[in-house]
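Enquirer: Sending over a structure as structure tokens; questions will come in a sec.
The values are calculated or read from the model by the stated rules, or taken from the named source; none is laboratory data. Because the structure is a prediction, the values reported are computed rather than measured. Cβ atoms come from the backbone with ideal geometry, glycine included; neighbour counts cover every protein chain shown. Accessible surface areas use protein heavy atoms only, side chains included; no ligands, DNA or RNA. Shrake-Rupley method; radii C 1.70, N 1.55, O 1.52, S 1.80 Å.
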Amino acid sequence: MTEHHEHRQQSLTRATEVRGLEALISRAARAGKGAAPVERWNPDFCGDLDMEIKADGTWFYLGTPIGRMPLVQLFSSVLRKDADGRTYLVTPVEKVGIRVADAPFIAVEMDVSGSGEDQVITFRTNVGDVVEAGPERPLRFVDENGTGGLKPYLLVRGRLEALVARPVMYELVGHGEEIEVDGRTMFSVRSNKAVFPIMPADQLERLSA
């Protein structure tokens, strides 16, 4: 009984090995069954963890890449981004902060079905989420500082987004069309009857000239 009690008292902030983190989170995350219901949990904040998701989607713990994809998927299933703009690992009893360089996920593949207003664009993330873009899972396009390019983001769940990888972005833009949005002609993409403006059509013409 004593050993079992000590095991239950492990804390995310006291764990010093990846296996210790894995054991703790697996008790909350139902590995392989999708994301845990983190939005319904309201645990105390327990401090920050030396974990970071780099801009390319690679996860680091204590400065070392986490190479085991099942472990990354396990961690990703208990991620939550709160209204304060920070990202946390959340269990029913603990919340710890981690660092995210850009977006926590990368959209690495896409599929398009249908056409026109019936078109549906589905993305797969680097951790295995499959997400249809639409009114509840919108795409947004952000100007990339210093390059003049665009960075598309897809809402995956809660406030967590996936950055659309550059090769996938080129494929996505290939399905763009000119659509009038709020009285202005915009180069946009459609999915699930929603329209996502990329840029004004006249701006695209200038860039293409």
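Enquirer: Taking 27 Å as the cut-off for C-alpha to C-alpha distance, list the pairs among LYS95/LYS193; LYS54/LYS81; LYS54/LYS95 that go past it. Walk me through the numbers on the way to the answer.
Expert: Working: LYS95/LYS193 37 Å; LYS54/LYS81 16 Å; LYS54/LYS95 20 Å.
Distance filter (> 27 Å) returns LYS95/LYS193.
Enquirer: Given axes a ≥ b ≥ c from the Cα gyration tensor, I'd like to know whether region 154-209 is rounded (a/c under 1.5), prolate (a/b larger than b/c) or oblate.
Expert: Judged from the Cα gyration tensor, region 154-209 comes out oblate (a/c at least 1.5, b/c at or above a/b).
Enquirer: Which whole-Hz ³J(HN,Hα) couplings does region 52-63 yield from phi under the Karplus relation 6.51 cos²θ - 1.76 cosθ + 1.60, θ = phi - 60°, glycine and proline marked x?
Expert: Karplus values, whole Hz, x for Gly and Pro: 9, 9, 6, 4, 8, x, 6, 8, 10, 10, 6, x.
Enquirer: Does region 55-141 come out rounded, prolate or oblate by the C-alpha gyration tensor, with a ≥ b ≥ c the root eigenvalues, rounded set by a/c under 1.5 and, if not, prolate when a/b is larger than b/c and oblate if not?
Expert: prolate
Enquirer: From largest accessible area down, sort GLU177, GLU136, GLU205; use a 1.4 Å probe on the protein chains. Mind dumping the intermediate values first?
Expert: Details: GLU177 60, GLU136 145, GLU205 115 Å².
The ranking, largest first, comes out as GLU136, GLU205, GLU177.
Enquirer: Kindly report the accessible area of region 104-209 per residue (heavy atoms of protein chains, probe 1.4 Å, no ligands, DNA or RNA), in Å². It would help to have the intermediate numbers written out before the result.
Expert: Numbers: 5650 Å² over 106 residues.
Roughly 53 Å² per residue, with all protein chains present.
Enquirer: If you don't mind, there's one more thing I want to ask. I want to check the label-to-label distance for GLN73 and GLU177. Put each point 7 Å from Cα in the C-beta direction and report it in nm to one decimal.
Expert: Reported label-point gap for GLN73 and GLU177 is 3.6 nm.
Enquirer: Right, next: For the peptides 38-48, 125-135, what is the packing order when you average, over each peptide's residues, the other Cβ atoms within 10 Å and list the highest mean first?
Expert: Top of the packing list down: 125-135, 38-48.
Enquirer: What aspartates and glutamates sit close enough to LYS151 to cross-link, taking a C-alpha to C-alpha distance under 14 Å and skipping anything fewer than 8 places away on the same chain?
Expert: ASP56, ASP102, ASP143, GLU161, GLU171
Enquirer: So, with a 1.4 angstrom probe, what is the percent of accessible area on region 24-133 that is carbon and sulfur?
Expert: Here it works out to 47 percent.
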